[in-house]
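What follows is one structure encoded as structure tokens, with my remarks underneath.
The values are calculated or read from the model by the stated rules, or taken from the named source; none is laboratory data. As the structure is a prediction and not an experimental result, all values here were calculated from the model. Note that we place each Cβ from the backbone using ideal geometry, even for glycine, and neighbour counts take in every protein chain shown.
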Amino acid sequence: MESAANVAHCNDMGSLKHTGLQYMLNDPTKDRFNPPILKSHSKALQGWNHPQTACLLCPARDIAEFDVDPQYVLLFD
């Protein structure tokens with residue numbers, strides 16, 4: 001039973017990951033991520049490594065510094 005629950009949880013989270021990204025856009029019907037976030041197993045261009053998602057992950061107190069230098073938050077967290 002626990003194994004089946006774990007598989008269901010994993011499947012649900014996997015399908016939600018890319019659908020949930022659309023909520024990060026102002027207008028999901030028109031806006032797109034640039035560069036696009038591809039459905040792949042590589043995380044090289046995701047999270048802090050993607051300019052738009054990194055901005056959204058940045059703490060509000062550091063957003064001014066982030067706008068000037070996106071590497072700021074990564075170096076001085």
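Counting only residues that are charged (D, E, K, R) and at pLDDT 80 or above, which one in segment 1-53 is farthest from Pro70 (Cα to Cα)?
Only one residue tops the list, namely Lys30.
Can you pull out every residue in segment 40-53 that is of a type in the set (Gly, Ala, Ser) and either over 18 Å from Thr19 (Cα atoms) or in contact (Cβ under 8 Å) with a residue 60 or more places away in the chain (or both)?
Selection gives Ala44 alone.
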